Ligand SMILES: Cc1cc2nc3c(=O)[nH]c(=O)nc-3n(C[C@H](O)[C@H](O)[C@H](O)COP(=O)(O)OP(=O)(O)OC[C@H]3O[C@@H](n4cnc5c(N)ncnc54)[C@H](O)[C@@H]3O)c2cc1C
Ligand code: FES
Ligand code: FES
C-alpha cells in the first residue's frame with residue numbers, strides 16, 4: 001500500500017505566521033505543529049480526543065489537534081499555546097496559572113490554558129461550575145484540579161481588571 | 001498499534017460536485033470524513049480499515065440550520081456546539097439540544113457533527129434516540145440526485161443503513177408539528193443519558209421520549225433508546241401498546257412489558273446487559289408514569 005507517498009505542499013497560518021509544509025494531508029494537526037512547524041508547546045496525552053492536552057484554536061474555536069487532519073486547516077487561523085502571550089507579556093490566564101500553582105508536570109497545561117482562554121473570552125465572570133464544565137475535556141494527572149480552577153478564577157479577575165483599565 | 005497515515009489517502013475537493021463525483025466513481029472505495037472525531041480515533045487506534053477518504057469539511061453548503069415554516073433542517077456538518085447555540089432549535093427540539101450538550105466535552109462538540117453521528121451508526125450514539133422520537137427525515141445526496149429517507153427506516157442492522165455508498169448525508173429534517181413541539185404543545189418530552197461521568201463518557205443507556213395525553217387517553221407516545229440493541233432503537237411495540245390506551249396507573253406496566261422483545265442489550269466494556277435492560281425499563285416506566293400523571297414540558 002505504499003505506492004503513493006502522497007505528500008502535499010500545504011499552506012498554514014500558525015499564530016499569525018504563514019507556514020508551508022510538505023506532509024501527507026491526513027497527518028494529524030498536532031504532528032504538523034510539533035514536527036514540521038517545530039512548536040512543541042502543544043502536547044499529546046491520549047491521541048484520541050479524551051484528554052485535551054492537544055487543544056488549539058482553529059478560527060477561534062477550541063479543538064483537539066490530535067483529531068484534525070491537517071488538510072482541514074488550510075486557510076484557517078490556527079493558534080497554539082505559543083500564540084497566547086502578547087510579545088513578552090504573558091496572557092492573564094498564563095500569569096494566573098503561574099501565580100496560583102495551576103501547573104505541576106505541565107503536560108496538561110497548554111490545553112488547560114487554551115480551554116480557559118476560550119471560556120473567559122465568552123464569560124469573564126464564570127462560576128466554579130462553569131469553569132469545571134469548560135475544562136471537562138482536559139485531564140490532569142497531577143494537580144487534583146483545585147489549583148487549576150483557582151487559576152481560572154484568578155485569571156477572570158485579571159481579565160476583568162485589564163478590561164476595566166482599558167475602558 | 002497506531003495507524004500509519006501513509007496507508008491512507010485524503011483528497012479535499014473544492015466543490016461539492018467534485019466530491020459527489022469522487023464518491024460515485026467507484027462506489028464504496030472512497031468515504032467521507034467530516035469532523036473526524038470518529039474517523040481519526042480509529043486511525044489513532046490502528047483500526048481504520050478504509051484506505052481512501054474525501055474531506056467534506058470545506059463544503060459550507062452542508063453546514064448550518066435552516067428554519068422553515070413547517071420544518072427545521074439541520075445540515076450534516078452542523079456541529080454539536082452549533083446545535084446548542086441555535087435558539088429555535090434548542091427551544092422546540094430540546095432533546096436534540098440536550099443530546100448535543102451531553103456529547104463529549106467542548107472541544108468534541110466544536111468539531112463533531114450531526115451527520116457524522118448518524119452515519120457512524122454507533123448504537124450508543126446520543127443524538128439518534130432524539131431524532132427517532134422527533135420522526136426526523138434524512139436527505140441523502142449523490143451525483144444521481146437527492147432522496148429522502150425516514151430516519152426510523154434508516155438503521156437496518158449493526159452499522160448497516162439505508163445509505164448507498166455514493167451518497168452523502170446532506171441534512172436532517174425535523175417536522176415542526178405545533179401540537180408536539182411548538183410553544184402551545186401539550187407534550188411531555190424527556191431525554192436521559194446514563195453514563196459513568198458527566199463529560200466525555202459514552203452512554204450505557206440513553207432514552208428519548210415524547211408523549212401527549214388528551215382527555216385521559218394517550219394520543220402520542222414515542223420512545224427510543226441508545227445502547228440497548230444493535231441499532232438506535234425505536235420501541236415500536238411499546239409505542240403501539242400505549243397509543244390509544246388509557247393514560248392510567250397501568251400504562252407503565254404495559255409499556256415495560258412491551259420492551260422485552262426489542263430491548264436486547266449486550267455486555268461490553270461499558271456495562272452489562274442486565275444493568276442496561278433494567279435501567280431502560282426504569283426510565284421507560286418513569287416516563288410513562290409521569291405522562292399518565294399529567295406532566296408536560298421538557299424534563300431531563
Ligand atoms: C472524546 C470523545 C467523546 C465522544 N463522546 C460522544 C458522545 O458522548 N456521544 C456520541 O454520540 N458520540 C460521541 N463521540 C463520537 C463522535 O464525536 C460523534 O459520533 C460525532 O458526531 C462524529 O461526527 P464527525 O463529524 O466527527 O464524524 P467523522 O469522524 O468525520 O465521521 C464518522 C463517520 O460518518 C461518516 N460521515 C460523516 N459525515 C458524513 C456525511 N455527511 N455523509 C455521509 N457519511 C458521513 C464517515 O464516513 C464516518 O464513517 C465522542 C468522540 C470522542 C473522540
Ligand atoms: S492528545 Fe488530543 S485529546 Fe488527548
Ligand atoms: S500538571 Fe501534570 S497533568 Fe496536569
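Points to keep in mind about this one:
- Only strands (runs of 3 or more DSSP E) whose full extent lies in the range B:192-300 are considered here, and the ones with at least 1 residues that are over 22 Å from the mean Cα position of the chain (by Cα) are B:205-214, B:217-226.
- In the range B:90-114, residue farthest from the other protein chains (Cβ to nearest Cβ) [restricted to those that are closer than 17 Å to residue B:171 by Cα and crowded, with 24+ Cβ neighbours inside 10 Å]: B:93
- Test result for residue B:75, surrounded by fewer than 24 Cβ atoms within 10 Å (Cβ to Cβ), within 10 Å of ligand 1 (Cβ to nearest atom) and in contact (Cβ under 8 Å) with a residue 40 or more places away in the chain: yes
- Of everything in the range A:16-45 that is assigned to a strand (DSSP E or B) and either within 11 Å of ligand 2 (Cβ to nearest atom) or touching a helix residue (DSSP H, G or I) at 6+ places or on another chain (Cβ under 6 Å) (or both), the residue that is nearest to residue A:66 (Cα to Cα) is A:28.
- Within this structure, residue A:53 fails the test of being away from ligand 2 (no atom under 11 Å from the Cβ), modelled with pLDDT of 95 or more and either outside any loop (DSSP other than H, G, I, E, B) or not assigned by TED's automatic domain parsing to the domain that holds residue A:117 (or both).
- Residue count, the range A:66-106 (criterion: within 14 Å of ligand 3 (Cβ to nearest atom) and either within 14 Å of another protein chain (Cβ to nearest Cβ) or within 22 Å of residue B:37 (Cβ to Cβ) (or both)): 1
- Scan the range A:48-84 for residues that are within 16 Å of ligand 1 (Cβ to nearest atom) and touching a strand residue (DSSP E or B) at 6+ places or on another chain (Cβ under 8 Å) and the total you get is 18.
- All positions within the range B:55-67 that are within 14 Å of chain A (Cβ to nearest Cβ) and surrounded by fewer than 21 Cβ atoms within 10 Å (Cβ to Cβ): B:58, B:60, B:63
- Pairs where the first residue, in the range B:6-33, is within 14 Å of another protein chain (Cβ to nearest Cβ) and the second is at pLDDT below 95 and assigned to a strand (DSSP E or B), C-beta under 7 Å, 6+ apart: none
The values are calculated or read from the model by the stated rules, or taken from the named source; none is laboratory data. Please read these numbers as outputs of a predicted model, since none were measured by experiment. When we count neighbours, we look across all protein chains shown, and the Cβ atoms used for this are built from the backbone with ideal geometry, even at glycine.
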